[in-house]
1. Test LEU70 against the stated conditions and say whether it is open to solvent by less than 20 Å² (accessible area, probe 1.4 Å), in contact with a Cys (Cβ under 9 Å, 6 or more places away or on another chain) and either in contact (Cβ under 8 Å) with a residue 40 or more places away in the chain or not small (Gly, Ala, Ser) (or both).
2. Identify all residues within segment 104-114 that are over 13 Å from the mean Cα position of the chain (by Cα) and of a type outside the set (Gly, Ala, Ser); write none if there are none.
3. Filter segment 21-44 for residues that are closer than 24 Å to ARG167 by Cα, of a type in the set (A, V, I, L, M) and surrounded by fewer than 18 Cβ atoms within 10 Å (Cβ to Cβ) and give the result.
4. Taking the criterion of being β-branched (Val, Ile, Thr), open to solvent by 50 Å² or more (accessible area, probe 1.4 Å), in a helix (DSSP H, G or I) and farther than 18 Å from ALA295 by Cβ, would at least one residue in segment 254-273 satisfy it?
5. Just checking, how many residues over segment 137-168 are more than 24 Å from LEU77 (Cα to Cα) and touching a helix residue (DSSP H, G or I) at 6+ places or on another chain (Cβ under 8 Å)?
6. Among the residues of segment 45-67, write down those that are open to solvent by 30 Å² or more (accessible area, probe 1.4 Å) and either in a helix (DSSP H, G or I) or aliphatic (A, V, I, L, M) (or both).
7. Does at least one position in segment 7-28 carry a residue that is under 22 Å from the mean Cα position of the chain (by Cα) and in a helix (DSSP H, G or I)?
8. Are there any pairs, at least 6 apart or on different chains, whose C-beta atoms fall under 6 Å, with the first in segment 27-40 and in contact (Cβ under 8 Å) with a residue 12 or more places away in the chain and closer than 16 Å to ASP74 by Cα and the second open to solvent by 60 Å² or more (accessible area, probe 1.4 Å) and assigned to a helix (DSSP H, G or I), and if so, which?
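The values are calculated or read from the model by the stated rules, or taken from the named source; none is laboratory data. The shown structure was predicted, so the numbers you read here are calculated from the model rather than taken from an experiment. Neighbour counts are summed over all protein chains in view; Cβ atoms, including those assigned to glycine, are modelled from backbone coordinates with ideal geometry. Please note that ligands, DNA and RNA were not included when accessible areas were found on the heavy atoms of the full protein model with its side chains. Shrake-Rupley method; radii C 1.70, N 1.55, O 1.52, S 1.80 Å.
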Amino acid sequence: LRNCLTSVETHLAAVSHEIIVVDNASSDGSAEMVAKEFPWARLIRNVESVGFARANNQAMHVARGRWCLLLNSDTVLIDDSVGRLFARVRTEPKLGVAHCRLVKPDGQLQYSTYRFPSIKLSLLEDFGLYKLLSPARRGRVLLSGYWEQDQERDVDWVAGAFMLCPRRVFEETGGFSEAYFMYGEDMEWCHRIRDRGWRIRYFPDASVVHLDHSSSDIRWGGRPIATCIERQVSIYAGRHGRLRSGLYQFVKMTGTLFRVAYFTVRGLAGGAQRDYYREMKRYYLLCLRAYVALAVGAR
């Protein structure tokens with residue numbers, strides 16, 4: 001958090017702004033550090049953790065500017081590209097959310113632009129049918145890790161670590177749904193933003209370093225993956241109904257089983273990518289467990 005705030009102070013100096021920090025009942029001295037070292041920042045302290053959605057809504061509710069830039073505490077501005085992005089987005093028609101490149105500390109790209117879940121995309125991706133498409137069309141249709149995020153493009157939704165949006169978007173939509181404590185809030189909000197005719201657009205010319213879940217020390221494990229899957233299924237069911245959602249879950253579960261088998265075979269074959277195949281098998285086994293749990297009604 002200290003590094004994040006220092007980077008904003010350094011690289012966003014050319015843009016008139018205020019900084020609002022929402023503390024979710026931290027117990028490591030973070031709030032005290034902000035009060036002491038960044039007295040010009042507005043500090044909202046919650047006596048209990050209210051979750052990602054409500055915390056961001058609290059900040060946007062009291063913000064005085066015409067634009068809101070939502071930043072995770074594990075992000076760091078590395079140059080003035082975000083400041084230049086502010087100047088650029090003001091001329092974009094019906095822009096609901098602007099998103100930039102997220103990179104790891106070693107410079108590796110994080111894929112953070114997505115398509116909304118659908119049966120068609122699940123068939124294409126999970127059963128490997130996307131390989132029948134040209135690389136350019138593959139990236140355009142699937143987004144995520146299927147393209148290099150090297151060009152401006154409207155997308156369906158983006159990771160909530162960086163979201164630049166007009167205040168009007170918050171006022172018209174009410175912000176994030178507080179029904180979700182963690183995971184899924186960004187996708188659900190982007191659904192409602194697009195429903196109102198606003199665009200979600202990715203801008204590769206701006207970059208921030210994202211430490212990738214360092215703020216909550218999340219690592220791969222059954223619960224985070226299962227929670228993400230539960231959220232996606234819940235959001236899909238809310239928009240498409242129980243019958244179609246059941247079909248979607250069946251396709252995802254079957255496709256995930258196919259991927260487990262695929263990476264098992266590739267891992268047994270050995271080769272230079274053996275460890276990668278084994279790790280992907282482990283990941284899809286966790287996904288499969290989550291879909292089976294949903295199918296039988298377990299949590």
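1. Yes; evaluated as a whole, the condition is true for this residue.
2. Scanning segment 104-114 gives LYS104, PRO105, ASP106, GLN108, LEU109.
3. ALA41, LEU43, ILE44
4. yes
5. 6
6. Result: VAL47, PHE52, ARG54, GLN58, HIS61, VAL62.
7. Yes - at least one qualifying residue is present in segment 7-28.
8. Listed by first residue and then by second, the contacts come to nothing, as the list is empty.
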